[in-house]
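See structure below.
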Amino acid sequence: MTEDCILCSIIEGKIPSKKVYEDDDSLAILDVNGSNPGHCFVIPKQHYPILEQVPDFQIAKLFGIANKISTVIFEALKAEGTNVFVTNGVTAGQTVAHFMINVIPRSSNDKINLQWQPKQLDEEEMSTIELKLKEEAKNMGVFQTKKTFETRTIKKEPERISGEENYLIKQLRKIP
């Protein structure tokens with residue numbers, strides 16, 4: 001935690017927030033200056049300024065939470081879509097030096113513009129960029145993994161939950 005980080009102050013309870021989800025490592029809160037009602041941040045409780053500093057296993061967990069928050073936004077707020085993204089670095093629009101995943105509810109004509117003008121590259125430019133990225137990717141190392149605990153297989157018939165829709169069916173309904 002850093003004293004001058006507003007998100008660390010929220011995590012420590014020094015600044016009030018509207019918590020949507022919390023566990024030992026993560027927090028999802030409403031953005032008080034959100035682009036749409038229901039705009040949430042999914043953040044790690046440990047301070048990491050940018051994406052590259054967050055351990056791989058924690059990135060996986062945070063994006064899993066962002067996926068669930070997106071589902072909750074669809075269901076509870078009847079959103080027509082969501083944007084899930086990271087602003088990584090000042091030039092990319094990051095305004096707080098604490099990694100976060102934005103989950104923004106979307107509806108028709110909400111006047112949020114996340115569009116950009118495509119840049120058409122010629123084949124030579126594309127090939128040059130491809131080679132540079134491939135070369136650098138060779139040096140990126142192994143993925144960090146959290147130690148896992150021993151698992152045992154239990155043979156049991158799956159339980160049927162009546163009255164609730166299957167999670168995957170809900171996900172399929174969002175496909176355009």
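Only the coordinates and a few stated rules stand behind these numbers; no lab work does. Remember, it's a predicted structure, so these values are computed and weren't measured experimentally. Counting neighbours? That spans all protein chains shown, and the Cβs are built from the backbone with ideal geometry, glycine included.
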With a 10 Å radius around each residue's Cβ, average the other Cβ atoms per peptide and rank 37-43, 116-122, highest first.
37-43, 116-122
Report the FRET efficiency, 1/(1 + (r/R0)^6), for residue 113 and residue 91, where r is their Cβ-Cβ distance and R0 is 22 Å, rounded to 0.05.
0.75
Euclidean distance between Cα centres, the range 24-84 to the range 91-121, Å
14
In a Debye calculation with equal point scatterers on the alpha-carbon sites of the range 6-106 and no solvent, what is log10 I(q)/I(0) at q = 0.10, 0.13, 0.15 Å⁻¹?
-0.24, -0.41, -0.55
Charge sum, other residues only, whose C-beta stays under 15 Å from residue 49's C-beta, Lys/Arg counted +1 and Asp/Glu -1
-2
What's the extension gain from residue 121 to residue 52 if we count 0.36 nm per residue and subtract their Cα-Cα distance?
22.1 nm
In whole Hz, with x marking every Gly and Pro, tabulate ³J(HN,Hα) for the range 49-62 from phi via Karplus 6.51 cos²θ - 1.76 cosθ + 1.60, θ = phi - 60°.
x, 9, 3, 5, 8, 7, x, 3, 5, 6, 4, 4, 5, 5
Nearest-0.05 FRET efficiency for residue 80 and residue 30, computed from C-beta distance (R0 22 Å)
0.70
